[in-house]
Amino acid sequence: MGSKTVVNNYGSFDVKFVKGKGSVCTDSNGKKYIDFLAGIAVNSLGHNYPPLVKAIKKQAKKQIHICNYFTSDAGEKFAEKLLAATGFESVYFGNSGAEANEAAIKLARKYGYLTGGEKKHVIVTLENSFHGRTLATLTATGQNKFHPDCFAPYVSGFKTIKANDYDAIKNCFDDTVCAFLVECVQGEGGVNLLDKDWLKAACAEAEKHGVLLMADEVQTGFGRTGSLLASDSLGFTPDAVSFAKGVAGGVPMGGLLMRGKASGVFKAGDHQSTFGGNPLACSAATVVLEKLLEPGFLNSVTEKGNFIMNRIKDLKNKNITDVRGKGLMIGVDIIQEKSAVELEKQLLKNGLLTSTAGKNTLRIVPPLNISWEEINKGLEILKSTLESF
């Protein structure tokens, strides 16, 4: 995608992919790459997963899109399965993570207005968080590098606190705060983990003031961390959960799960999406959900993630300062003298797809069903690249 065709807002590498199978991608020159990136946690079941391809083909022959003035059989089927699996009461369907978080922000603002009037409109987020690329979700993002002057003025009504800091929550929540929005694992911020006890304490403080608890599970949701939702394993019971990325295995989809205080806040016309929850996306998402719910599948995500992290730790490479993660969401910190971006480029050259996150972190988020053979091949490329890095 050169500058004369698609605007290069992504700093894209000069590699053109033409096909994929399992956790292997092939470029236009026939070179193969082990995929430790999965479209940044989107291709949750890899490339060309047969049941997913079959479902998409079948639905495309029936109906791709229907206006949300009506309902579709595919949409109802997925919604029912999703709510049964997660224990939520209702769901909104959109197209992306940013749109899902926009829905969460609007939900929070309306909830605050209904329960405390105009003054109850502030949303608390965390430092090093990432919530999307729209103006509102950029403002919610707790990283200054995403707040350049060229996009100012930003949306008011957000404040950030430091994660895992008990002092930060002492006077944070008051009668102006309508919601507390957290990533259960901070992806773009560097694959940072939240302390379970701290999160429990923060939520307790928030609830004293009638604050809506919201989890941004755009990247952590749908099996990425070894549980259906990452909040499940944290003992965190949010009123609303945003999701996207891996939900439909690569077909654009996002949404917002609601229960408890969040239920019944939205009314007709409050928030809509032209393409949201179309039959094609919902058919794909149903396949993904059914796979995740197969006995033992989520346990295998945890097993594979632990294996990858332990293997990387065992390398004891001088360039690595830390390895952390949950499930198949892994961060590898590289010494400051060596850029994670430079390592990413070298890995790409050697046939391994990864990405970076935070200041100096290599991010590993492969397909959830990646084979052991593909894992070992990818780790061999990582090992040999680090040795010469």
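Kindly indicate whether Asn171 is modelled with pLDDT under 95, out of contact with any strand residue (DSSP E or B) (no Cβ under 8 Å at 6 or more places or on another chain) and either surrounded by 14 or more Cβ atoms within 10 Å (Cβ to Cβ) or not in a strand (DSSP E or B) (or both).
yes
Could you run through the stretch 258-274 and say how many residues are open to solvent by less than 10 Å² (accessible area, probe 1.4 Å) and of a type in the set (S, T, N, Q)?
The number of residues fulfilling the criteria is 0.
Do you know which residues across the stretch 26-55 are outside any loop (DSSP other than H, G, I, E, B), in contact with a Ser or Thr (Cβ under 7 Å, 6 or more places away or on another chain), under 13 Å from Ser371 (Cα atoms) and not acidic (Asp, Glu)?
Once the filter is applied, which keeps residues that are outside any loop (DSSP other than H, G, I, E, B), in contact with a Ser or Thr (Cβ under 7 Å, 6 or more places away or on another chain), under 13 Å from Ser371 (Cα atoms) and not acidic (Asp, Glu), the stretch 26-55 yields only Ile34.
Considering every residue within the stretch 111-119, establish whether at least one is over 30 Å from Ser300 (Cβ atoms), buried (at least 21 other Cβ atoms within 10 Å of the Cβ) and in contact with an Asp or Glu (Cβ under 9 Å, 6 or more places away or on another chain).
Within the stretch 111-119, one or more residues are over 30 Å from Ser300 (Cβ atoms), buried (at least 21 other Cβ atoms within 10 Å of the Cβ) and in contact with an Asp or Glu (Cβ under 9 Å, 6 or more places away or on another chain).
Which residues, taken from the stretch 178-202, are without any contact (Cβ under 8 Å) to a residue 60 or more places away in the chain and open to solvent by less than 10 Å² (accessible area, probe 1.4 Å)?
Phe180, Val182, Cys184, Trp198, Leu199, Ala202
Tell me yes or no: at least one residue of the stretch 238-257 is modelled with pLDDT of 95 or more, farther than 29 Å from Pro367 by Cα and either of a type outside the set (Val, Ile, Thr) or open to solvent by 10 Å² or more (accessible area, probe 1.4 Å) (or both).
no
It is to be established whether one or more residues within the stretch 143-158 are among the hydroxyl-bearing types (Ser, Thr, Tyr), buried (at least 17 other Cβ atoms within 10 Å of the Cβ) and not in a helix (DSSP H, G or I). Let's see the steps before the verdict.
Start the filter on the stretch 143-158 by keeping residues that are among the hydroxyl-bearing types (Ser, Thr, Tyr), which leaves 154, 156.
Add one more test, that the residue is buried (at least 17 other Cβ atoms within 10 Å of the Cβ), and what stays is none.
The answer is no; no qualifying residue exists.
Out of the residues in the stretch 65-88 that are part of a loop (DSSP other than H, G, I, E, B) and loosely packed, with under 14 Cβ neighbours inside 10 Å, which is nearest to the chain's Cα centre (by Cα)?
Gly87
Report yes if some residue within the stretch 217-229 is outside any loop (DSSP other than H, G, I, E, B) and aliphatic (A, V, I, L, M); otherwise report no.
Within the stretch 217-229, none of the residues are outside any loop (DSSP other than H, G, I, E, B) and aliphatic (A, V, I, L, M).
Any chance you could count how many residues in the stretch 258-284 are at pLDDT 95 or above and in contact with a Leu (Cβ under 8 Å, 6 or more places away or on another chain)?
The total comes to 6.
The values are calculated or read from the model by the stated rules, or taken from the named source; none is laboratory data. Bear in mind that the values here come from a model prediction, so they are computed numbers and not experimental data. Every residue, glycine among them, receives a Cβ derived from its backbone with ideal geometry; neighbour counts consider all protein chains shown. Ligands, DNA and RNA are excluded from the accessible area calculation, which covers all protein heavy atoms including side chains. Shrake-Rupley method; radii C 1.70, N 1.55, O 1.52, S 1.80 Å.
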